[in-house]
Structure formats: structure tokens, C-alpha cells
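The values are calculated or read from the model by the stated rules, or taken from the named source; none is laboratory data. Note that this is a predicted model, so its numbers are computed, not measured. Glycine gets a Cβ as well: all are built from the backbone with ideal geometry, and neighbour counts include every protein chain shown.
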Amino acid sequence: MSLFSLIFGNKPKSAPIAKERLQLIIAHERAEQTSAPDFLPALQQELLAVISKYVSVNADDIKVAREKKGNFEVLEVNIVLPEHERPR
């Protein structure tokens, strides 16, 4: 034993403490991301505005969904376009 360890005692190593703190910070940031404001309604309204310039659609004809698959997030957009009668 060295004189240093006799005087100050055995202090815990800083690496495990730093790792634990980092894990807490990452968990906290991930929790904040999931509770972030939802942008899907605004996206749906903007899509409706753009598509309405070219095709007549209702707000109910556009569905926007987001789901998490493993480490990825998938954005799914379903648009029901009106059927046009073809000239004969």
C-alpha cells in the first residue's frame, strides 16, 4: 500500500461512474425525444395544401403515420386520389 492510499483511502474509479452518468443522460434525452411535439398534423395540412393545387382531395384523404421499427422510424403517407373518368 502506498502512503497516498493510506491517507485518502481507496476511491472508486471514475470510469464506471462516468459510464453510469452517461447512460442516465442518454436515457433522459431519449425520453425527451419521444415526448417532443408531434409534427404529423402540421405535415398533413401542408401535404393537403400542396396536393390540392393539382388534385381535388379532402383532408380525410391524407393519412400520415409514424412508427418505430427497431432502431428506425418509418414515416408512412397514404393519399387517396379521386378517380377520374376516362373519355371514351
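Here are the numbers for the structure shown:
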{"quantity": "Exclusive hit being of a type in the set (Val, Ile, Thr), assigned to a strand (DSSP E or B) and either touching a strand residue (DSSP E or B) at 6+ places or on another chain (Cβ under 8 Å) or surrounded by 10 or more Cβ atoms within 10 Å (Cβ to Cβ) (or both), set Val55, Val77", "calculated": "Val77"}
{"quantity": "So Ser52, is it polar (S, T, N, Q), modelled with pLDDT of 80 or more and out of contact with any helix residue (DSSP H, G or I) (no Cβ under 8 Å at 6 or more places or on another chain)", "calculated": "yes"}
